[in-house]
Amino acid sequence: SQKIEQNSEALNIQEGKTATLTCNYTNYSPAYLQWYRQDPGRGPVFLLLIRENEKEKRKERLKVTFDTTLKQSLFHITASQPADSATYLCALSYNTDKLIFGTGTRLQVFP
Amino acid sequence: EAGVTQFPSHSVIEKGQTVTLRCDPISGHDNLYWYRRVMGKEIKFLLHFVKESKQDESGMPNNRFLAERTGGTYSTLKVQPAELEDSGVYFCASSSGLYPYIQYFGAGTRLSVL
């Protein structure tokens, strides 16, 4: 079965720096790879989606890359702010149905 | 526009009791999903409705779990009888089914089985 690994349980960075989170998967490449943000006591919130034939996607300070050869996605937050502190989840989907989630990376941005 | 709402936000029951979780999707969303996160693990898919039909229930753990979506609107997830390992956070999500297939999640129901 598909297995997803996110680089570390926690990542601490200083405000203004770029945060880089990693998502690695096994087996065959998904049709879509998505990134979600989750705050304590809340459900996941969609951030970005990238398709298997896309290399990079950007949205404001966020950037996602997708390398199907390495079976890896990188998620970057540039000019990070304390308000970016949250858990970030990588999720794969092979069609319009279920999402397969990683365990998430907890990002802490300190002033 | 109202988001996905789940009720209750927290439920504490004893082993062997029955609990029913409710999810109200975003109005007009035909697709409704249930997920679960047990402590220390990743969020896992339980099942997917398209309108009132079960499209995929491959993630349902066993026959103690029953999901319904009468009339294709809100959905309920019943656990009967509850076991200790059923404890976790149950999320509901809905989507329109149109690209980019974004799933909108509710805040979840935290279920504690004692």
### Task
For the stretch B:88-107, enumerate the residues that are under 15 Å from A:N95 (Cβ atoms), in contact (Cβ under 8 Å) with a residue 12 or more places away in the chain and surrounded by 18 or more Cβ atoms within 10 Å (Cβ to Cβ).
B:S95, B:Q103
### Summary
By residue number, the members of the stretch A:9-24 that are under 20 Å from A:F66 (Cβ atoms) and either without any contact (Cβ under 8 Å) to a residue 24 or more places away in the chain or small (G, A, S) (or both) are A:A19
### Message
Report every pair of residues separated by at least 6 positions or lying on different chains whose Cβ atoms are under 6 Å apart, first residue within the stretch B:3-32 and at positive phi and in contact (Cβ under 8 Å) with a residue 12 or more places away in the chain, second surrounded by fewer than 17 Cβ atoms within 10 Å (Cβ to Cβ) and not aliphatic (A, V, I, L, M).
### Response
B:G16/B:P81
### Query
What single numbered condition from (1) of a type in the set (D, E, K, R); (2) more than 14 Å from chain A (Cβ to nearest Cβ); (3) exposed (fewer than 13 other Cβ atoms within 10 Å of the Cβ); (4) within 30 Å of A:R51 (Cα to Cα) fails to hold for B:K41?
(2)
### Query
Taking the stretch A:66-81 on its own, how many of its residues are part of a strand (DSSP E or B) and farther than 30 Å from B:V89 by Cβ?
1
### Message
Residues to consider are A:L107, A:L33, A:L47; find the one that is part of a strand (DSSP E or B) and within 11 Å of chain B (Cβ to nearest Cβ).
### Response
A:L47
### Query
Restricting to the stretch B:70-114, what's the tally of residues that are more than 19 Å from A:G43 (Cα to Cα) and modelled with pLDDT of 95 or more?
10
### Which numbered condition B:V4 misses (of (1) in contact with a helix residue (DSSP H, G or I) (Cβ under 6 Å, 6 or more places away or on another chain); (2) closer than 23 Å to A:Y88 by Cα)
(1)
### Task
Name, by its number, the condition in (1) buried (at least 18 other Cβ atoms within 10 Å of the Cβ); (2) out of contact with any Phe, Trp or Tyr (no Cβ under 8 Å at 6 or more places or on another chain) that does not hold for B:E85.
(1)
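The values are calculated or read from the model by the stated rules, or taken from the named source; none is laboratory data. No experiment lies behind these values; they were computed from the predicted model shown. In this analysis, Cβ positions are derived from the backbone assuming ideal geometry, glycine residues included, and neighbour counts consider all displayed protein chains.
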